[in-house]
1. Can you give me the C-alpha center-to-center distance between the range B:34-54 and the range A:137-200, rounded to a whole angstrom?
2. Take every residue in peptide B:139-148, count the Cβ atoms of other chains within 10 Å of its Cβ, and give the average of those counts.
3. If amide H atoms are built 1.01 Å from N in the plane of the peptide, which residues on other chains or at least 5 residues away come under 5 Å of the amide H of A:I213?
4. Find how many whole Å separate the alpha carbon centroid of the range A:49-69 from the alpha carbon centroid of the range B:128-178.
5. Let me check I've understood the local charge: for B:E118, count other residues with C-beta under 10 angstrom from its C-beta, Lys and Arg +1, Asp and Glu -1. What total comes out?
6. Towards the positive end of the charge dipole of the range A:25-114, with charges on Cβ (+1 Lys, Arg; -1 Asp, Glu), say which of A:H95, A:A78, A:V30 has the farthest Cα.
7. Consider a paramagnetic label point 7 Å from the Cα of B:R147 along Cα→Cβ; state which residues of the range A:51-83 have an amide N under 20 Å from it.
8. Computed FRET efficiency, Cβ-Cβ of B:S21 and B:S126, R0 56 Å: what is it to the nearest 0.05?
Amino acid sequence: MISIQGLKKSFGSQEVIKNVDLEIEQGKVVVIIGPSGSGKSTLLRCLNVLETPNGGVLSIDGQKLDFNTSVSKKSISAFRRLTGMVFQSYNLFPHLTTTGNVTEGLTTVKGLSHKEAVKKAELLLDKVGLADHKDKHPFQLSGGQQQRVAIARALAMDPKVMLFDEPTSALDPELVGEVLRVMKDLAHEGMTMAVVTHEMRFAKEVADEVIFIDDGVIVERGAPAEIFNHPKHERTKKFLSLLQV
Amino acid sequence: MYLNTIALSPERIQRFQEIASTSIGPLIEGAIKYTIPLAIIAFSIGLIIAIFTALARISSNKLLRAIARVYVSIIRGTPLLVQLFIIFYGLPTIGITIDPFPSAIIGFSLNVGAYASEIIRAAILSIPKGQWEAAYSIGMNYLQALRKIVLPQAARVSVPPLSNSFIGLVKDTSLAATILVAETFRRAQEIASMNYEFLFVYIMAALVYWVICFILSIIQGRIEIRLDRVVGKSGGLS
Ligand SMILES: Nc1ncnc2c1ncn2[C@@H]1O[C@H](COP(=O)(O)OP(=O)(O)OP(=O)(O)O)[C@@H](O)[C@H]1O
Ligand SMILES: [Mg+2]
C-alpha cells in the first residue's frame, strides 16, 4: 500500500532522514514515536511532499515518485492527493466556516458543485460530531472541535492514507479524548494511518505497529506490546523510561 | 479698495457669503467630476498593479523580482509631482501627448501600485506558513492556494492600511491641478485668482476635501468592524 525506500532528507548539511525504508499495509495503523528532533514530522511531511526528499522512492496505492530522478510539480500534486494530513496546530482556514473548510478542497480541487460539496461536508461533520457547528468560524470553536474539523477537511478528499502529526499535542488535556475517539473510529473503519503521537495509550490500543525513530533512522519496530514491554534497543528503553509507560 | 481691507468688516462678510454661494458649486463639481473619479479609478488600477507587483516580489523568479523591485524603488524614490510633470509635460517632447485626466490616472495608478504592493506583500507574508501547507495538503496547487486561501486572508489584513492609502490618495489628487485637471483645488485656484480672497477660497477647498475624507473614514471604520466580526478579533489564525 505505502512503501518508502531509501528515503533521505537533509536541511542544509544536517541529515534529518537517513535512508529510511518502511512499508505500511492497507488498513494498518502505524504509530511513530521518538525524541524531539528525531525526524518524525519530517518523515510524515516527506510522505505528502510538503518537504521534498533528497532521495528515495515513495509509493502509495501503486503511484510512485522517484526522488532519485527529477520529479514534476504536477506529479507531486497528484501524489499529494492520495494523502490527508492533520497538523498539530490544526491550520484551519480562519476566513471560512466549518463547512467552508471542508468544502473548499471539494469545489476547488475536485470540481464538485457547491451543493454536492455541502452535502458531503455535512456527512463528514456529522461523523466527527460537529453537525451543530457547521456555520461557525474556527475562532468560535474549541481546539478539540477545530482539530475534528481538520480531520473532516482531510477526509473529504478521500485520501488513501491519513497522516497525523501530533494531532493532540496542542490540546488541553480534557479535549484530547474527543479527537482520539474520532481517530479510533477511523482506524476501525479500515483507514490506513500514520500517526506521530505521544499518546501511548492510543498507541497500545489502536496501533498495529509502533515505530521508534531516533536521529533519522528507524531504530526498532514491532507490535505495541512488544515495543512497550520488551524494547530491544538501549535507545528505545531510554526513551520509553523517560515517558514512564 | 476694500480688497485691501484686512479687517472682517460687515461688507467683507457679506462678500464672503456671495463668494461662498457662487463658488461652492464649482468646487463640488470639481470634486464629483474629477477628484473622486480620479481617486477611485487610479486606486482600482493601482490595486491590480499592486497585487501583481507583490506576487512578483515574492516569486521565485529572479527577473520578475528584480523588475518589481526597480519599479517600486523608482516610484517611491521620486516625487509624485515630478512624475506627473514627466508624464504630462515631458512625454510630449518625444511625441507622446496625453490629456490631463488620463495623465493623472497614469501617474496616480503607478503610485498606488508601488505603495500598495508593499502593503499587500507584507500582508501575504503575514499569513502563516501553515495556511499554505494546509492548502497544499488538500491537493491545491500554488495558484489555488493563493487565490482561495492566502489572498482572502491577506485582503483582510490589508484593509486598514489600504483605506489609509485611499484617503491619502484623495488628498494627493490635488496635485493634478498642476497638470491642468479641473479638479477641486484647480477650481479653487481659478476662483481665487479672480476675487483675490485666497484665504477664504482655499479654506473652502480644504473643507471639501475634509468632508470627503471624513465620510471615507466612517466607511473605513464600518468595514473594519465587519471584518473583525468575520475573522475574529484575534485574527483567528490558528
Ligand atoms: N524547515 C526546516 N529547516 C531546517 N531544519 C529543519 C526544518 N524542519 C526540521 N528541521 C530540523 O530537522 C530535525 C528534525 O525535525 P522534525 O521536525 O522532523 O523532528 P520531530 O521528530 O518531529 O520533533 P518534535 O517531536 O519536536 O516535533 C530537527 O533538528 C529540526 O531542527
Ligand atoms: Mg514534529
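Every number here is computed from the coordinates shown, using simple stated rules; none is lab data. Predicted model, so just to flag it, every value in this text is computed and none were measured. Reconstructed Cβ throughout: ideal geometry from the backbone, glycine too, with neighbour counts over all protein chains shown.
1. Taking the Cα centre of each part, the range B:34-54 and the range A:137-200 sit 45 Å apart.
2. Numbers: counts 15, 7, 7, 2, 0, 5, 1, 0, 1, 8.
Per-residue shielding by partner chains comes out at 5.
3. It is A:I33, A:G34, A:V219, by chain and number.
4. Distance between centres, Cα-based: 34 Å.
5. +3
6. My answer, from the dipole projection, is A:A78.
7. Within reach of a label on B:R147: A:73-78, A:81.
8. 0.65
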